[in-house]
Amino acid sequence: MQPETRMENAMMQECGARIAAIFARCSGEQPNFGVAEEAFSASLHKTAEKYLFAASDGSVTSEQLDSFLEQMQADDLFMALACANGNERAWWEFDQQHRGYMERVARHLAKTEADAQEVIDTVYVELYGTRVVDGERISKFSTYSGRGSLRGWLRTVIWHSLVDLHRAGHDEVSLDEMTETIGEGATHAAFAEISPDGEGEILEEITRDRYRKATVTAIKNAFSSLEDHEKLLLLYYHVDSLKLREIARLVENEASPLRGWFQRKTQTRETGGRTHESTVMRWLEKSYARVLELFKAELTGVHSFSADEINQCVELATQDLTAGNLFAGLKTG
Amino acid sequence: MNLQETTIQGILAEYLTSRAKATPSTPHLDHDTLAAFTEGNLSELETRPAVTHLVDCSFCRHIAAELVRLDLEFAEEPAARASTESAQPSKISEVLSGLLAKMFGTSENAVFAHEDKEKKEEEKKDEKED
């Protein structure tokens, strides 16, 4: 056994009383689900390994583990384990609590009622599991970890199932190809041909070309220098077209690390549960300001441009943006 | 925002939509991680690798964005309903048999592991009786 694994096991054993208490509560509420304490504990261990221990550099504190267990969706996990075991009572509860919701999600996503129904049927069959490995039926429920809510997980499963259904009807379009339509994979158009007329114009064009290249490199490097949560915010807003209220929803959970990172960055901490659209807008503006600062720093430091030249770069970029050819032809990886 | 900030916003937006696809250095996020991430249920330690992956992987980011939209769409949904104790549980195996029959034409080949042994024993009994 690896030393790290021994340490993880020891830590989980330390939390044994806490896990036993969670199990007692869950089985007290659902005594007919037939989930064994050992299986429940093993599942929590697996989840901790996947999320907590894998993300750490081997230094998980008992406070972190405590907080992790506290945030687990234990009731949902308890039901999922029972359903994975084929417990009739658990399935009935699951059906009562979630079927209506699943149908509404499927109808919202699918183009036709028939597609929605087909997806629900497929998901139910997958959840039960028709594949048997070493005499054991493999239920989709066994991939649910209890880290997020069961409903959130079901939404994801339904979404994927609909994508599969769509692919089946579109001559095996790969998922990668499907996502390429969102823009990032779009092919670059060629640079507009330059037809210089006279030496002055050639020199001018060379200068412009130099400014263009410097602008593109500087913007690329400025973006690369941002922290990952800032990059993600900008990508969500500009590439995936998430609206401000949708991003606000993503960080609505008060314990959301994304929200914490932005609040730390802007040195503000809002009280109350809701993150407003105006707050997200402020985060975006802070990110633009940071990009501008890094952009100017590179043009000054690396390219030795004067303030006037930087202004020319920005002006030229504005013209190119209007013409739609700022990044055309430049390979930016 | 001043004029330069407004311009940089436009330049940045153009760059982000036209930049070449990055190759993620980690495997795609699974259903479970995507769902927990979009709900904001992961801790700081757990979120960090997911965010790093999402920055590089347009595929996972696209799914996560769709899930955020869905989450907002269904935000008004009440929490899971409590069950009605008086109702009688229906046999889920019967429901699934029905689904399989609908999907594959027959449920005879469907695998219900916990029922297999019982079925085989019953078949043997029938054969003996014949």
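Shape class for segment A:83-168, computed from the alpha carbon gyration tensor (a ≥ b ≥ c): prolate, with a/c not under 1.5 and a/b above b/c.
Do the alpha carbons of any pairs in A:LYS46/A:LYS231; A:LYS243/B:LYS21; A:LYS220/A:LYS243; A:LYS243/A:LYS286; A:LYS231/A:LYS296 sit beyond 20 Å of each other, and which pairs? Table pairs above 20 Å Cα-Cα are A:LYS46/A:LYS231; A:LYS243/B:LYS21; A:LYS220/A:LYS243.
Between A:ARG137 and any residue 5 or more places off or on another chain, the built amide H atoms are never under 5 Å apart.
Across segment A:36-41, rounded Karplus estimates of 3J(HN,Hα) from the backbone phi angles (6.51 cos²θ - 1.76 cosθ + 1.60, θ = phi - 60°) give 7, 4, 4, 5, 5, 5 Hz, Gly and Pro being marked x.
Counts of other chain beta carbons within 10 angstrom of each beta carbon in peptide A:149-160 average 6. Distance from the alpha carbon centroid of segment A:212-242 to that of segment A:78-99 works out to 44 angstrom. Partner shielding of B:45-57 amounts to 6, given as the average count of beta-carbon atoms from other chains within 10 Å of each residue beta-carbon.
Rounded to the nearest Hz, the phi-derived 3J(HN,Hα) couplings of segment A:151-159 under the Karplus curve 6.51 cos²θ - 1.76 cosθ + 1.60 (θ = phi - 60°) are 5, x, 5, 5, 4, 5, 5, 5, 4, where x marks glycine and proline. Peptide A:72-80 is shielded by partner chain Cβ atoms: per residue, an average of 1 of them sit within 10 Å of its Cβ.
Taken together, the values in this text are just the output of simple stated rules run on the coordinates, not laboratory data. The structure displayed is predicted, hence computed values, not measured ones. We place every Cβ from the backbone using ideal geometry, glycine too, and count neighbours over all the protein chains shown.
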